[in-house]
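A.B. asks: Handing you a structure now.
The values are calculated or read from the model by the stated rules, or taken from the named source; none is laboratory data. On a predicted model such as this, the values are computed, not experimentally measured, just so you know. Heads up, the Cβs are rebuilt from the backbone with ideal geometry, glycines too, and the neighbour counts pull from every protein chain shown.
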Amino acid sequence: MADRSFLNWPFFDDTHRDYYERFDAWVGANLTDIDHGDVDESCRRIAGKLGEAGWLEASAVDPDEAGSTMDVRTLCLSREILARHDGLADFAFAMQGLGTGALSFFGTPEQRQWLAKTRKGAALSAFALSEPRSGSDVANMEMTAAREGGDYVLNGEKTWISNGGIADVYTVFARTGEAPGAKGISAFVVPADTPGLEIAERINVIAPHPLARLSFENCRIPESALIGEAGSGFRIAMSVLDVFRSTVGAAALGFARRALDETVNRAANRELFGAPLFDLQMVQGHIADMALDVDAAALLIYRAAWTKDMGAVRVTREAAMAKLYATDKAQEVIDKAVQIHGGDGVRSGHIIESLYRDIRALRIYEGASDVQKIVIARQALATAQTGA
């Protein structure tokens, strides 16, 4: 069983502790034997199960519902639990939140009608930001949305889009030209069946999940599809990522916790030279490093989540630190797990081999590790200059 002592940290209250226990038990009982050979169908099935049981309500909020507020700590706990059990389950949950985050925070009541479907798992959502020549450099976006009468016409491509090819609705960012760079980008809600939107390519990666390149050719959408104000797309995207970037760290933490648990069990029960593997001081040193990295990552993740939940408008610095440290250190933790498991650690189908493939993408998407270092450095400079 994973260490749960962190739930007693002051970042959490009884509501979070109760949620953790209930959700962890539900996932263990209901999301077993996930088919990783058909990821499209598995993601649909997982989202459906999560939605039917009410767990997707934590992935996004509907401001029209009384008392509905985004709790980032609950989001992070959810992703940590799911990732510890199965990476594809975490992916399915996370995309329902990331894909509709802009609607939750900035959408009109009409646009937010999608939330009734995505939070029930009846519709899948996607966040279409990256392009072939502008991944981390969002301000260099090339896709356009031109005004024509009462419509916008989208032309261009998006790539590396999670849930691409199976999503029912996309949050799409495109250049509308109000100003150069980041200030000339807008956000739109685009149903998957809109004429002119095509799946140009399905992309296969080392840890399979639905990914695609999208093509928009004279894709006409009404003015009512605009999320927020024209020219506010960059701010909308960063606000959404500000919330969900910490949850990427939480998913990495879930992977790392599973690797640590499996490694401690392996070291305690595997014999080498007539004694448990754990008796070797070198193995003890590796496990100590793994446990230290897990706890340090958890502290950064839940600090960022707590700070946002306490009312901070932006947590750019905290979220960047959490994602950078948690994902990089999870990679190191899992690598140590592979080493201690020996041949089993690289055997196809083994949990450690699966974790080794699962973790790598988290150091790239929603802001690569090197980009997070730039973000942190700029935040440090700004703080030094303003004294705030």
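A.B. asks: When the residues of segment 359-388 are narrowed to those that are in contact (Cβ under 8 Å) with a residue 40 or more places away in the chain and outside any helix (DSSP H, G or I), which ends up farthest from the chain's Cα centre (by Cα)?
C.D. replies: That would be Ala368.
A.B. asks: Would you check if Arg45 is in the same structural domain as Asp90 (by TED's automatic domain parsing), part of a helix (DSSP H, G or I), without any contact (Cβ under 8 Å) to a residue 60 or more places away in the chain and surrounded by 16 or more Cβ atoms within 10 Å (Cβ to Cβ)?
C.D. replies: Judged against the criteria, Arg45 is a match.
A.B. asks: Do you know which residues across segment 265-290 are surrounded by fewer than 17 Cβ atoms within 10 Å (Cβ to Cβ) and within 29 Å of the chain's Cα centre (by Cα)?
C.D. replies: Correct list: Asn265, Ala288, Asp289.
Residue by residue, here is whether (1) assigned by TED's automatic domain parsing to the domain that holds Ala251; (2) at pLDDT 95 or above; (3) surrounded by fewer than 23 Cβ atoms within 10 Å (Cβ to Cβ); (4) touching a helix residue (DSSP H, G or I) at 6+ places or on another chain (Cβ under 9 Å) holds:
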residue	(1), (2), (3), (4)
Ile81	no, yes, no, yes
Arg84	no, yes, no, yes
Ala94	no, yes, no, yes
Ser136	no, no, yes, yes
Asn140	no, no, yes, yes
Ala146	no, yes, yes, no
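A.B. asks: Right, something else. Among the numbered criteria (1) assigned by TED's automatic domain parsing to the domain that holds Ala58; (2) surrounded by fewer than 23 Cβ atoms within 10 Å (Cβ to Cβ), which one does Val153 miss?
C.D. replies: Here Val153 clears every test but (1).
A.B. asks: Taking the conditions exactly as written (over 18 Å from Asp358 (Cβ atoms) and part of a helix (DSSP H, G or I)), does Phe23 satisfy them or not?
C.D. replies: Working: over 18 Å from Asp358 (Cβ atoms): yes; part of a helix (DSSP H, G or I): yes.
Taking the combined requirement at face value, the residue satisfies it.
A.B. asks: Looking for whichever is in a helix (DSSP H, G or I), in the same structural domain as Leu355 (by TED's automatic domain parsing) and in contact with a Leu (Cβ under 6 Å, 6 or more places away or on another chain) here; the options are Ala319, Ala304, Ala291, Ala252. Which one fits?
C.D. replies: Among Ala319, Ala304, Ala291, Ala252, only Ala252 is in a helix (DSSP H, G or I), in the same structural domain as Leu355 (by TED's automatic domain parsing) and in contact with a Leu (Cβ under 6 Å, 6 or more places away or on another chain).
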